[in-house]
Amino acid sequence: MTDTTASRLQTATRLTINEDWLSVLIGPLVFGLALASLGNVDLLGWAATTKVWTDPSHALAPFAPSYGALSGLAALFATYLALLLVLSAAAAALKADVRRFALTFSVTFWLAYASWILGSYAHLAAVTPADFSKYGISWSLRLTNEGGYIIALLLGLIIANFFPRFAAWLNEAIRPELYIKIAIVVLGGVIAVTAAGKLNLASTVFLRGIAAIIEAYLIYWAVIYFIARQYFGFSREWAAPLASGISICGVAAAIATGGAIRARPQVAVLVSSLVVVFAVIEVLILPFLAQTFLAHEPLVAASWIGLSVKTDGAAVAAGGITEALILTKNAAEGINYQPGWILGTTATIKVFIDLFIGIWAFILAHIWTTYINVAKPSSRAKLVEIYQRFPKFILGFILTFIIGLSLALSLGKAQAAQLTAAIGEANIFRVTFFILTFFSIGVLSNFRKLWEDGLGKLAAVYVVSLFGFVIWVGLAISWLFFHGIKPPLAG
Amino acid sequence: MADTDLRKEIQEQQAEPLLPIEKKLIVGSLLTGVVLLAALVVVNLFLGS
């Protein structure tokens, strides 16, 4: 990322409709359409789902058996058209060039989804001996089909670093913040239905989410700010957004902090770029480390990922990969955990951290305008900034969570099964938005250009902070609060 | 600001000493964070027992 996504975010904070509010509209729309099946009206069952394959003609199928007359490719085309329609309307609301968006989104969708299909190839995705036998193979990279996210990311990286003009051309559709926020809003409902079956555990996870807030804002931020100022000699203008980007939540926090301390816009843009680059590296490494060392402590792994990966998109998506890897490893040992808890814990940790961005930005704004760059009274920090900088997509997450939880707790057994199927349909779109997010993050990560922009010294702060402090403290606190707590078993 | 200017600015930045308010922010945040975490650990143990 250089000027594109971060500057869109800055501009968007001044617009009435921005990506946050669009996610509050689109996420519940997807969720609501999925819930129509509770009234025996299946509005989203045509959406394409992908299976592990050796024969590509068997890779795709519509989600619902009632749409079985549709071929897999037709289901995928219908999914593409639906997303094209909704997201083009979103682009229009954002005052983007809609025709250009439609064209570039079409290319983006098919490239990203092709990566997902490739990721489900049996030699990449199959994990257990039973899988090997089923697909008639003798070897596999054992990435699970969520390895498709990694392939989408790698394809995006290849485009960004070897075909920069093509990457620039795709720009209008490369909107990872929009895609991941919609996905997280949909995920709210999915998490709620999962959590309803085990409320005690869910409330435990929430309580521990509070520890994440304390850690990110009060401990990480202070240490990283001190390191940036004292040992790397960064000015206050650079050190504050850098500390927020590394400790809290990447893009949004860096921009909120930059705005709060009245830094120049290009400072937050460059810091945001740095966070995305490192998030890419973390996504490629941390889930596999979690599988190797924390497979028997799944929620420690989930919390660790949420505390260590510093963009919403990369963190939540990394949580999904970690879940697939850990569930598979445990399944091979005969332990079948219920899916959704690892991803849900990671997402909850990130959402909790995001909740306080506005408040932290206000605190910093107050300190900066009152004590450091003393401003005229009319320019000082105002309480309304808390609302202005609050990530609005969290309202969508809370909405779908409340709806999902209410339904899950109130429905009888027969309808509970229908609700599970409905959530499955919503989840198809959540996964599709994840795929688009991974691909987009990759396309935004032109390492050479970012290095030319002066990223070296900033990157040094990130390396020292991440590998010297953030990862280890995150692991310690995750262990302290989640050790011994396991997801429920499936079935 | 041009990219090369930004790179030059980062590389040639002169260190600014920490102001008293910055020191208060760093120390205050850390102390508050550690105390609150410790309290949360106690609550966690109490709820778990």
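Tell me, what does the Kirkwood hydrodynamic radius of region A:4-482 come to in angstroms if you use every pair of distinct C-alpha atoms?
About 22.6 Å, per the Kirkwood formula over Cα pairs.
Counting other Cβ atoms within 10 Å as a rough exposure proxy, the listed residues A:L444, A:L274, A:L94 run A:L94, A:L274, A:L444 from fewest neighbours to most.
Each Cα pair under 8 Å and six or more residues apart adds its separation to the average, and for chain A the resulting relative contact order is 25 percent.
Would you mind ranking A:S445, A:S138, A:S440, A:S203 by Cβ crowding within 10 Å, fewest neighbours first?
A:S138, A:S203, A:S445, A:S440
Compared with the dominant principal axis of the Cα atoms in chain A, helix A:250-260 is inclined by about 30°. For A:W53, the residues whose amide H sits under 5 Å from its own are A:Y121, A:A122, ignoring neighbours fewer than 5 places away on the same chain, with H placed 1.01 Å from N. Counting only lysines at least 8 places from A:K413 when in the same chain, those with an alpha carbon closer than 16 Å to its own are A:K198.
Can you tell me the 0 to 90 degree angle between the C-alpha axis of helix A:357-367 and the longest principal axis of chain A, rounded to 10? It is inclined by approximately 0 degrees. Volume per residue for region A:224-306 equals 94 cubic angstrom (convex hull of Cα atoms). A crude spin-label estimate for the pair B:A39 and A:V374, with each label 7 Å from Cα along the Cβ direction, gives 3.3 nm. The phi torsions of region A:68-84, fed into the Karplus equation with coefficients 6.51, -1.76 and 1.60 and a -60° offset, translate into couplings of x, 5, 6, 6, x, 5, 5, 4, 5, 5, 5, 4, 4, 5, 4, 5, 4 Hz, rounded to whole numbers, with Gly and Pro shown as x. The trypsin sites (Lys or Arg not before Pro) of region A:150-227 that DSSP puts in a loop, and whose beta carbon has at most 15 other beta carbons within 10 Å, are A:K198. Axis angle, to the nearest 10 degrees, between helix A:341-355 and the longest C-alpha principal axis of chain A: 30 degrees.
Binning the C-alpha pair distances of region A:56-117 at 5 Å intervals from 0 yields a P(r) profile of 4, 17, 23, 20, 15, 11, 7, 2 %, listed from the shortest bin outward. Residues whose amide H lies under 5 Å from that of A:Q338, counting only those 5 or more places away or on a different chain, are A:L489, A:A490; hydrogens are built 1.01 Å from N in the peptide plane.
Relative to the current alpha-carbon distance between A:A460 and A:A414, full extension at 0.36 nm per residue lengthens the span by 10.9 nm. Using the Cα coordinates of region A:83-150, the gyration tensor eigenvalues translate into equivalent-ellipsoid semi-axes of 37, 9, 8 Å, sorted from longest to shortest. In the structure shown, do any of A:K95/A:K382; A:K329/A:K486; A:K449/B:K8; A:K310/A:K392 have a Cα-Cα gap over 20 Å, and if so which? In this structure, A:K95/A:K382 lie more than 20 Å apart at Cα.
I need A:V277, B:V35 ordered by Cβ neighbour count within 10 Å, fewest first.
Working: A:V277 22, B:V35 12.
Exposure proxy ranking, most exposed first: B:V35, A:V277.
Kirkwood analysis of region A:381-432, using all unique Cα-Cα pairs, places the hydrodynamic radius at 13.3 Å.
Computed from the coordinates by the stated procedures, all read-outs in this text should not be read as laboratory data. The structure presented is a predicted model; accordingly, all values stated were derived computationally and were not measured. Using ideal geometry, Cβ is built from the backbone for each residue, glycine included, and neighbour counts are taken over all protein chains shown.
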